[in-house]
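Encoded as structure tokens, the structure appears first; notes follow it.
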Amino acid sequence: MAIWNWSPNYSGCYLFGSRVFTHTLFWVGYYVLFSFIWAKPEQGLFASFYLEFILMPVRIMAAYCMLYLLIPSYLVERRYRHFFGGYGLLIAVSGFLQLCFGYFFYETLLPGTNSGFGFNLAGWVRNCILINTTVLLLGTAKVFILYMGLLEKQSHAGKQQQNTQDFILVKSERRTCKLFFADILYVEGLGNYVTYHLVNGEKRIVYSSLKETQESLPEQFLRLHRSYLINRNAIESFNNEEVLVAGNALPRGKDIQDAELVI
């Protein structure tokens with residue numbers, strides 16, 4: 001079973017929500033940047049831009065094999081031996097292809113130029129290292145996006161599970177207490193502690209902030225005041241200044257609208 005069995009939404013990762021535009025802009029920027037980096041004064045910019053132009057197809061091929069074949073088919077599926085074996089083969093073959101492209105389409109066609117790699121073992125190793133740098137950079141970005149998507153999915157699943165249950169577990173007086181939402185009248189915050197006021201008159205004091213408590217409760221609980229959360233199902237009456245819950249008059253925040261007090 002895949003550890004990331006989900007369908008990520010990449011729209012937020014692309015400029016203007018367009019994958020084609022983003023990828024095109026990246027490779028154009030990559031091409032221009034490395035053309036200037038590898039430029040040699042004695043050979044001129046034309047030779048540098050031409051060399052990068054004939055080497056780009058191999059690097060793009062290697063990058064997309066990593067992004068859309070090795071990572072989703074092997075790494076995500078936890079088939080690590082296949083992934084690293086394919087990764088090594090991809091770098092080796094791509095390094096050799098780039099070596100051939102540089103030699104036959106650059107040094108041979110442009111007399112007096114030198115790609116700097118040489119058609120030998122050392123040149124092949126250098127080509128492999130350069131391709132690996134690009135593949136590793138984009139592969140890391142891909143894994144990061146997948147990881148952030150996984151965290152988002154887990155967070156969403158946790159909220160869904162929370163919404164389906166009708167109770168919360170809290171630690172009070174060295175015991176774990178199960179509190180049903182329907183039994184909670186309101187929650188009072190005081191510093192780093194909150195007090196759950198229950199239907200039966202009991203109280204449960206828990207080490208937590210009121211903000212953290214609100215995040216753990218369903219939407220039926222409203223932040224009535226900076227010090228109070230109330231169960232809107234337990235409201236008996238209200239006016240502009242206070243809300244009555246089980247005979248307890250709780251202060252009402254000035255920004256609370258009447259519609260928020262009624263479910």
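The values are calculated or read from the model by the stated rules, or taken from the named source; none is laboratory data. In this text the structure is predicted, and so the values were computed from the model without any measurement. Neighbour counts are summed over all protein chains in view; Cβ atoms, including those assigned to glycine, are modelled from backbone coordinates with ideal geometry. These area figures cover heavy atoms from the full protein model, side chains too; ligands, DNA and RNA do not enter into them. Shrake-Rupley method; radii C 1.70, N 1.55, O 1.52, S 1.80 Å.
For the stretch 164-263, the share of accessible area belonging to carbon and sulfur comes to 46 percent (1.4 Å probe, ligands and nucleic acids excluded).
Other residues with beta-carbon under 14 Å from the beta-carbon of R226 carry, at +1 per Lys or Arg and -1 per Asp or Glu, a net charge of +2.
Principal-axis analysis of the Cα atoms of the chain puts helix 44-65 at an angle of about 50° to the longest axis. In the chain, the longest principal axis of the Cα atoms and the axis of helix 19-37 are about 50 degrees apart. Scanning residues 5 or more positions from Y193 or on other chains, those with amide H under 5 Å from its amide H are S208, with H placed 1.01 Å from N in the peptide plane.
So what's the projected area for the chain, the Cα convex hull averaged over all directions, in nm²? For the Cα atoms of the chain, the hull's average projected area reads 22.2 nm².
Just the number please: accessible area per residue for the stretch 165-263, 1.4 Å probe, all protein chains included, in Å². Can you show the working numbers first?
Working: 6320 Å² over 99 residues.
Result: 64 Å² per residue.
Potential lengthening of the chain between S73 and E42 amounts to 6.6 nm, from the contour at 0.36 nm per residue minus the alpha-carbon distance. With a cut-off of 13 Å between beta carbons, the residues surrounding S94 carry a summed charge of +2, where Lys and Arg count +1 and Asp and Glu -1. Given the -39500 (n - 2.57) contribution per DSSP H run of 4+ residues, what per-residue ellipticity at 222 nm results for the chain, rounded to the nearest 500 deg cm²/dmol? Computed ellipticity for the chain at 222 nm equals -15500 deg cm²/dmol. Positive contributions from Lys and Arg (+1) and negative ones from Asp and Glu (-1), summed over other residues with Cβ under 13 Å from the Cβ of W27, come out at +1. Take the Cα of R175, go 7 Å toward its beta carbon, and the backbone nitrogen atoms of the stretch 197-214 under 20 Å from that spot belong to 197-208.
Over all alpha-carbon pairs in the stretch 158-263, figure out the percentage whose distance exceeds 19 Å. Present the calculation step by step, with values, prior to reporting the outcome.
Details: 2215 of 5565 pairs.
Taking all Cα-Cα pairs of the stretch 158-263, the fraction more than 19 Å apart is 40 percent.
Once the chain from I205 to N120 is taken as fully extended at 0.36 nm per residue, the excess over their C-alpha distance is 23.2 nm.
Within the stretch 164-218, all pairs of alpha-carbon atoms sorted by distance into 10 Å bins from zero give the percentages 24, 64, 12. May I ask for the angle, rounded to the nearest 10°, between helix 80-102 and the longest principal axis of the chain, with both axes built from Cα atoms and the value confined to 0 to 90°? Taking the Cα atoms of the chain, the angle to 80-102 is about 40 degrees.
Percent of accessible area on the stretch 19-75 owned by carbon and sulfur, 1.4 Å probe?
Numbers: 2480 of 3070 Å².
So the carbon and sulfur contribution to the accessible surface is 81 percent.
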